[in-house]
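Data block below; observations after.
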Amino acid sequence: MEDDKEMVVCPYNESHIILRARLPFHLLKCQKTYMGKKMIKCPYNAMHIFENSSLLRKHIELGECEDFKFNYDHSFNCK
Ligand SMILES: [Zn+2]
Ligand SMILES: [Zn+2]
């Protein structure tokens, strides 16, 4: 899968560039050592992390969240 080779930036530290496939593991590790501001997680995907609730709201309202769209479409198609 192409997607496994995709590189993403760690939401906790911009200097961490990791493989998307490794992000869940990296986040668990990075979360423990992270000493900065408290971050807010997207309710639809724990890998979407934001500095404050207005960024999170934008993320969902602007349709940036694939998992929100997925859940939304899914609930429609399933009926
Ligand atoms: Zn990190
Ligand atoms: Zn999201």
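The values are calculated or read from the model by the stated rules, or taken from the named source; none is laboratory data. Here the structure is a predicted model, which means the values were calculated and not measured. In this analysis, Cβ positions are derived from the backbone assuming ideal geometry, glycine residues included, and neighbour counts consider all displayed protein chains.
Search segment 1-32 for residues being under 22 Å from Lys69 (Cβ atoms) and either assigned by TED's automatic domain parsing to the domain that holds Gly63 or of a type in the set (Asp, Glu) (or both), and hand back the single one that is nearest to ligand 1 (Cβ to nearest atom).
So the first thing to find is which residues in segment 1-32 are under 22 Å from Lys69 (Cβ atoms), and the list is 1-4, 6, 8-9, 11, 20-21, 23-24, 27.
From what is left, the residues that are either assigned by TED's automatic domain parsing to the domain that holds Gly63 or of a type in the set (Asp, Glu) (or both) are 2-4, 6.
On the way: Glu2: 23, Asp3: 20, Asp4: 19, Glu6: 16 Å.
Ranking the candidates gives Glu6 first.
Would you check which residues across segment 49-66 are at pLDDT 90 or above, among the acidic types (Asp, Glu) and within 10 Å of ligand 2 (Cβ to nearest atom) and list them?
Correct list: Glu64 only.
Across segment 33-68, which residue is farthest from ligand 1 (Cβ to nearest atom) among those that are loosely packed, with under 10 Cβ neighbours inside 10 Å and of a type in the set (A, V, I, L, M)?
Initial filter on segment 33-68 (loosely packed, with under 10 Cβ neighbours inside 10 Å): 33, 35-38, 53, 62.
Next cut, of a type in the set (A, V, I, L, M) only: 35, 62.
Values: Met35: 12, Leu62: 25 Å.
Per the stated criteria, the residue is Leu62.
Rundown of residues vs (1) more than 16 Å from ligand 2 (Cβ to nearest atom); (2) part of a helix (DSSP H, G or I); (3) among the acidic types (Asp, Glu), yes/no style:
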{"residue": "Ile18", "(1), (2), (3)": "yes, no, no"}
{"residue": "Phe25", "(1), (2), (3)": "yes, yes, no"}
{"residue": "Lys32", "(1), (2), (3)": "yes, yes, no"}
{"residue": "Gly36", "(1), (2), (3)": "yes, no, no"}
{"residue": "Met47", "(1), (2), (3)": "no, no, no"}
